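So the structure is just underneath, and the comments pick up after that.
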Amino acid sequence: MRKPIIAANWKMNIGPREAEDFINSFIGQPGKLDSITSQVDVVIAPPFVSIPAAVAALNSSSAVSIAAQNMSDQDSGAYTGEVSSMMLKELYVRYVILGHSERRTLYGETDAIINAKIKKACASNLKPIFCIGETLEEREGGKLESVLRTQITDGLVGVEEKDLKEIVIAYEPVWAIGTGVVASVDQAQEAHAFVRSVVADLYNQEAADKIRIQYGGSMKASNAAELLAQPDIDGGLVGGASLESQSFLDLIKAAVSAG
Ligand code: 13P
């Protein structure tokens, strides 16, 4: 039985002050969040500079885990603008989003770079949220499966099975990100089942049965329950609908109702 995981990806939104307000109103819902987080893992990924404020506002509450949206594959040194895994660990970060399509397309991250980051995260005891997904052109060109297989295979080169257990895969069709167009339940389930089959090919069926696969792309409270009711959809990576605490909470409640 896989515990669902809902993660907020704030992208380049919500500075430190706003992050504090968000967390206060989010965890300030008396009793509610505790009963929810026993059923769903809740993660929030603020921009780097908002992480300390979010952690402070959480005040040791374990209701929410904090993620980073990216990190370096290097430990330290002359890498201007980069942030290391150890720096994130020092801030009590537990997850790190790697290979988001915006990193791939806007910042040129390749499968090899993402692979190096995944290995560094695992070695640092950070849990990667490893993003994959096809463009509309690739899907319409009949390349869905080959694109996903390459991203998964190349992203996981040299990743041992013991580390795979710490990884969450996020399937985010690029055409559904920030567009309001959500993949149909059948399209999403089919892609998730395929992703799981690739993990089974690379490792084994047991490892594939255990790995959690999130859906990302215009997920919101009104469509979350039917997506999460699918057998291979184990959570969501949420952009727009995570930027306001009530809408994110409503989405999490919908996730609980689907379980
Ligand atoms: P939206 O939910 O805004 O479509 O963003 C999805 C996403 O990219 C999450 O990482």
Could you work out which residue, out of G217, G141, G240, moves most in a Gaussian network model of the chain, that is, has the largest mean-square fluctuation with Cα springs under 10 Å? G141
Size of electric dipole in the chain: Cβ of Lys, Arg +1 and of Asp, Glu -1, about Cα centre, debye, nearest 20: 500 debye
Please report the spacing between the Cα centers of the stretch 245-259 and the stretch 184-221 in Å, no decimals. 20 Å
Which aspartates and glutamates have a Cα lying under 15 Å from the Cα of K162, excluding residues fewer than 8 positions away in the same chain? E206, D209
Over the chain, average the accessible area per residue using a 1.4 Å probe and give it in Å², no decimals. 44 Å²
Express the carbon and sulfur contribution to the solvent-accessible surface of the stretch 44-123 as a percent, rounded to the nearest whole number, probe 1.4 angstrom. 54 percent
Test item: Cα-centred dipole of the stretch 141-259, Lys/Arg +1 and Asp/Glu -1 on Cβ, debye: 200 debye
Report, to two decimal places, the Cα Rg of the stretch 136-259 normalised by 2.2 N^0.38 Å (N = number of residues). 1.06
From highest to lowest solvent-accessible area (probe 1.4 Å; ligands, DNA and RNA excluded), Y95, Y79, Y203 read Y79, Y203, Y95
Local charge sum around A57 (other residues, Cβ-Cβ under 10 Å, Lys/Arg +1, Asp/Glu -1)? -2
The alpha-carbon center of the stretch 26-103 and that of the stretch 116-159 are separated, in whole Å, by 21 Å
Cα lying deepest toward the dipole's positive end in the stretch 27-180, options P46, A112, V157, charges on Cβ: P46
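The values are calculated or read from the model by the stated rules, or taken from the named source; none is laboratory data. As the structure is a prediction and not an experimental result, all values here were calculated from the model. Don't worry about glycine lacking a Cβ; one is built from the backbone with ideal geometry, like all the others, and counts go over all protein chains shown. Surface areas here come from the heavy atoms of the whole protein model, side chains and all, with no ligands, DNA or RNA. Shrake-Rupley method; radii C 1.70, N 1.55, O 1.52, S 1.80 Å.
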